[in-house]
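Let me begin by presenting the structure, written as structure tokens, before commenting on it.
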Amino acid sequence: MRETVESRGKKKGKEMVPITRGGSKMVECDIKDRKLAPKGKLRIEWAERDMPVLSQVKDKFAKSQILKGKKMSACLHVTAETANLVRTLQAGGADIVICASNPLSTQDDVAASLVEDYGIPVFAIKGEDNATYYKHLIAAVEHSPVVTMDDGCDLVSAISSKYPNIAKGIIGSMEETTTGVIRLKAMEKDGALKFPVIAVNDAQTKNLFDNRYGTGQSTLDGIIRATDILVAGKNIVVAGYGWCGKGFAMRCKGMGANVIVTEVNPVKAIEAAMDGYRVMTMEEAAPIGDLFCTLTGDMHVIRPEHFAEMKDGAIVCNSGHFDIEIDIKGLRKIAKQENKNVRNFVDQFVLAGGRSIYLLAEGRLVNLGAAEGHPASVMDMSFSTQALATEYVIKNIGKLGHKVYNVPEEIENWVATAKLKSMGISIDKLTPAQEKYLSSWQEGT
Ligand SMILES: NC(=O)c1ccc[n+]([C@@H]2O[C@H](COP(=O)([O-])OP(=O)(O)OC[C@H]3O[C@@H](n4cnc5c(N)ncnc54)[C@H](O)[C@@H]3O)[C@@H](O)[C@H]2O)c1
């Protein structure tokens, strides 16, 4: 149950969380267990070590107080990295609440620490059912934010469709993932977008690194933690060769898997073929694959006709945003038996003839469900871009339309330069002659 938390022990049968930050403060929350806070705090601090750029932004925000008094709601994966983003926004003066952007991605100890140690209201419990997920989303809406942050567009879509008065007051929103940007562009096209949105996902400082190296590594991490399989020698079928698919395929290849790619985009399919992978249809791949992973943002990429052809013991999982890439209802229909949790995050489906298919993390993002999501070092860039996009929205109140905007180039350059510096890497500068040459058309052969 959502609860108003006032002071420890006041109300019987309710989780009481005392928050005192420069005076007593009422904090609303719905989290698993506040006693997990000490572990969560250590985890947040561990992630912070690898987020030097975000720390710089935090110092800058603490001085400028750019978000002072601004109500913010964030619907994000509640992880240690996100905690550092939220702390950055809080340091800038934001009055922020956070809810989960996926039922399985919350780190309960981090949620507890955000409430206990930082006084930030959190509505998120790992494994929450759909009803609780939406109840948490509504709690974030009821904060009446003027700035929102989304990972998948659930918050913006709820506010735009059901809360016109809150929508009217919104200065702007930031979107973290590909699926969210696709939904927002569809809203813009339909005239349903009621405020400006910055497509943080589309920034190079986000998708080139977070989607590729972050998803690549953490997806494999989730699969290994859930199954403990040997990757070497396995036939791994990667559905979708976008940023996430590329990263995952690259890491699987590096660990000795035989990678097969399925695509619907002819250019991406050629890219995959020339990167050295076998490219074929899902129908052709179904009987060959040992492990299948969808990273498309599309629905029903693996369907009953594919399950019917799979080997006994085939493992299927998803790392795309929503749990619709694998047709789980279809799998359930053709299964004779379903055994939940044969291992943590592994469900067994026994088909006719006794063959088994194993589904990981209920078909939800396997990297966040069965592992810890992206490493902090890539989230350093994504979340610095998020924070600076927020600053941009505030600085441009009244100047932006009801559209989806790209992250300004100056923000991307600032983040990339700061990241390089933190990595101890120097790069060359254009000489004046080079600058002139690169901006002219007269000089040829
Ligand atoms: N797991 C994570 O932590 C994480 C991180 C970032 C993004 N995402 C999500 O992952 C998904 C992919 O993101 P992306 O940035 O790689 O997107 P992208 O647009 O770069 O790539 C998606 C690819 O899937 C292909 N595709 C679409 N339908 C297909 C189908 N039926 N069969 C095979 N291929 C198909 C597209 O042609 C495209 O090449 C999105 O849902 C995104 O929100 C997840």
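The values are calculated or read from the model by the stated rules, or taken from the named source; none is laboratory data. All values derive from a computational prediction rather than experimental measurement. A quick note on method: Cβ atoms are made from the backbone with ideal geometry, for glycine too, and the neighbour counts reach across all protein chains shown. Only protein heavy atoms, including side chains, enter the accessible area calculation; ligands, DNA and RNA are left aside. Shrake-Rupley method; radii C 1.70, N 1.55, O 1.52, S 1.80 Å.
Worth a mention:
- Exceeding the 23 Å Cα-Cα cut-off - candidates Lys194/Lys419; Lys399/Lys421; Lys162/Lys189; Lys58/Lys419: Lys194/Lys419; Lys399/Lys421
- Debye, to nearest 20: dipole size of the range 205-333, +1 on Lys, Arg Cβ, -1 on Asp, Glu Cβ: 240 debye
- About the centre of its Cα atoms, the range 147-188 shows a dipole size close to 240 debye [charges on the beta carbon of Lys, Arg (+1) and Asp, Glu (-1) only; nearest 20 debye].
- Entries in Lys135/Lys246; Lys39/Lys60; Lys39/Lys168 that, when Cα-Cα distance is taken, lie over 32 Å: Lys135/Lys246; Lys39/Lys168
- The range 310-445: C-alpha pair distances exceeding 17 Å, %: 75 percent
- Relative contact order for the chain: 15 percent, from Cα pairs under 8 Å spaced at least 6 residues apart, divided by residue count.
- Solvent-accessible surface ranking, highest first, for Arg303, Arg355 at 1.4 angstrom: Arg303, Arg355
- Radius of gyration over Kirkwood radius for the range 208-292, both on Cα atoms: the Rg/Rh ratio is 0.94.
- Hull-based mean projected area of the range 40-195, where the convex hull spans the alpha carbons, in square nanometres: 8.8 nm²
- Calculated P(r) tail over 38 Å for the chain, as whole % of Cα pairs: 26 percent
- Ser64 accessible area, 1.4 Å probe, all protein chains in place, Å² to nearest 10: 60 Å²
- Note on the range 156-276: with charges restricted to the Cβ of Lys and Arg (+1) and Asp and Glu (-1), its dipole about the Cα centre is near 200 debye.
- Lysines whose Cα lies under 22 Å from that of Lys333, excluding same-chain neighbours fewer than 8 positions away: Lys311
- In straight-distance terms, cross-link reach from Lys68 covers every one of the aspartates and glutamates whose alpha-carbon lies under 15 Å from its own, apart from those fewer than eight places away in the same chain; here that gives Asp59, Asp95, Glu391.
- Lysines whose Cα lies under 18 Å from that of Lys35, excluding same-chain neighbours fewer than 8 positions away: Lys10, Lys11, Lys12, Lys14, Lys126
- Positive end of the dipole of the chain (Cβ unit charges, origin at the Cα centre): among Pro164, Val342, Ala80, the Cα lying farthest that way belongs to Pro164.
- Protein-only accessible surface at a 1.4 angstrom probe places the residues Asp151, Asp323 in the order Asp323, Asp151, largest first.
- The loop-placed trypsin sites (Lys or Arg not before Pro) in the range 158-243, going by DSSP, include none that has at most 12 neighbouring Cβ atoms within 10 Å of its Cβ.
- Per residue value of the accessible surface for the range 269-337 (all protein chains in place, 1.4 Å probe), Å²: 48 Å²
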